[in-house]
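Data block below; observations after.
The values are calculated or read from the model by the stated rules, or taken from the named source; none is laboratory data. Since the model is a prediction, treat every value here as computed from it, not as a measurement. Cβ atoms come from the backbone with ideal geometry, glycine included; neighbour counts cover every protein chain shown. Heads up: the accessible areas ignore ligands, DNA and RNA and are worked out on the full protein's heavy atoms, side chains in. Shrake-Rupley method; radii C 1.70, N 1.55, O 1.52, S 1.80 Å.
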Amino acid sequence: MLSETPAAARTAPLLLLTSLYLAQGLPYGFFTQALPVLMRENGASLKAISATALLFIPWALKFLWAPLVDHVGTRRSWILPIQFIAAIGAALLALIDPARGFLAVFAAVFAFNVLAAVQDVATDGMAVRLLDAQARGLGNGIQVGAYRIGMVLGGGLLLWVYAKFGWVAMCLGMSALLTLTCVPVLLYREASDGAARKARPSLPALAAGWLPRLRVPGMLALLALVCAYKFGDAMTSSLVGPMLKDAHWSTEEIAIVKGTLGSIMSLIGAAAGGWLAFRVGRRRALLGCGIAQALSLLLYVFAAGAPDDRALVWTACITEHLFGGMATVALFTLMMDASDPEHAGTDYTLLACAVLVAQGLAAFTAAAIGDAYGYVPTFAAALVFSALGCLLLVVALDRRLGPARLDEVWRR
């Protein structure tokens, strides 16, 4: 326990989760928002930029080691050393010269993502166990909000530091920020989780421990549904930076509109989505936020035809990130509802991996359509995919095609 007072006992886990998800957003914001811009600046094609999705293979495969994290040691014993190693790794990136090519950067980022993917499993499992059903809307609002704050710092502030002071200053700044996020983990004591781990399965059983979780009735259907829900929005997100670069926006302008402004609006959307998931229920939140997310992409269809119109692009960015943040929180809350507390990290990780796979496929799909037909048809296709994905999820869960654990919260 972090404190003997009830108020502190309620607040401390939320502060801890805030720091952990912020730590994940820091490097992710830079690698996903800044790196594509830098590559485009150096003449890379859209398909080459889409290859950056391969850097996140560890995130897509993290279900392989999720049972190990669930049942060996405590989650704090996994998170704390990884946090420090990540901070050291960010500092070591300063030794790489990106001007000589991005291959070395790719290798370093890949190794970095392996560590981050392990930390994510432990963090998600901790969140499922710390939050009850009533608190999950707020908890997921904090999850997405803190992550987006990290992206503001990583995709906006650090990109600005890069533009003003260079690669070394950016890497050292990232390292310093990651070091600060270690403090709440140092203060945390995981007293209540150790007893649940005494009856540890054998290592061979843990190696394939995710397979039985896939066999839970309705789990495979839910994996496909969460992919569909975020596919169109992910298509759009992957091409906004390259589109603005092609329209001759400066790196500083892109950092402000896509990194800082976009992430701030996602933060507001996360708060609104968490409130909706708590107040109106899962079904209404997912349906309303999903349709709003799809309609917001229409502004990018118009913006792609007039990328020099700053007001239109800013409006599109504000709207899409606001409603996209709301939809993301509603979806993550549903994913947490579907996770068995005894296998929290594994269940949630399987669903999170599905979202990551969808993002990678969406990036390749958007790049292929964009190279062949241009930005306007690509964003129009993304709008259609987004709307269909939302409706598919809601109709399927209405027909009870998901895990039985969702029935109560879905109809509440």
Item to check | At least 15 Å along the helix axis (C-alpha) and Kyte average at least -0.5, DSSP helices within the chain | outcome: 6-29, 75-92, 103-130, 136-151, 167-180, 219-246, 262-279, 282-296, 310-337, 344-373, 375-398
Item to check | Fraction of accessible area attributable to carbon and sulfur, the chain (%, probe 1.4 Å) | outcome: 69 percent
Item to check | Net charge over other residues, Cβ less than 14 angstrom from the Cβ of Thr319 (K, R count +1; D, E count -1) | outcome: -1
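Can you give the local net charge around Thr333? Use residues other than it whose beta-carbon is closer than 9 angstrom to its beta-carbon, Lys and Arg +1, Asp and Glu -1.
+1
What is the projected area of the convex hull of the Cα atoms of the chain, averaged over all directions, in nm²?
18.5 nm²
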Checklist entry - Between segment 305-354 and segment 207-263, what's the alpha-carbon centroid distance in Å? => result 7 Å
Checklist entry - So, with +1 on the Cβ of K and R and -1 on the Cβ of D and E, and no other charges, what is the size of the charge dipole of the chain about its Cα centre, to the nearest 20 debye? => result 780 debye
Item to check | Residue-normalised accessible area of the chain, given per residue in Å² at a 1.4 Å probe | outcome: 40 Å²
Item to check | Translational D in µm²/s for segment 273-412 (Stokes-Einstein at 20 °C, 1.002 mPa s, Kirkwood Rh from C-alpha pairs) | outcome: 132 µm²/s
Item to check | Cut-off 20 Å (backbone N to label point 7 Å along Cα→Cβ of Tyr373), residues of segment 280-307 | outcome: 294-307
Next on the checklist: 7 Å from Cα along Cα→Cβ at both Asp246 and Leu54: what's the point-to-point distance in nm?
Outcome noted: 2.2 nm
Checklist entry - Once Lys and Arg get +1 and Asp and Glu get -1 on their Cβ, which of Leu299, Ser237, Ala116 lies farthest toward the positive end of the dipole of the chain? => result Ala116
Checklist outcome for this item: Result: in the chain the number of Lys pairs with C-alpha under 23 Å apart, spaced 8 or more or on different chains, is 8
Checklist entry - In a shell of Cβ-Cβ distance under 15 Å around Phe302, excluding Phe302 itself, what net charge do Lys and Arg (+1) and Asp and Glu (-1) give? => result -2
Item to check | For the chain: relative contact order, % (alpha-carbon pairs under 8 angstrom, 6 or more apart) | outcome: 27 percent
Checklist entry - What length, rounded to one decimal in nm, is gained on full extension from Arg284 through to Glu408, with 0.36 nm per residue of separation minus their alpha-carbon distance? => result 43.2 nm
Checklist entry - Given the protein chains as shown and a 1.4 Å probe, how many square angstrom of Lys230 are accessible, to the nearest 10? => result 20 Å²
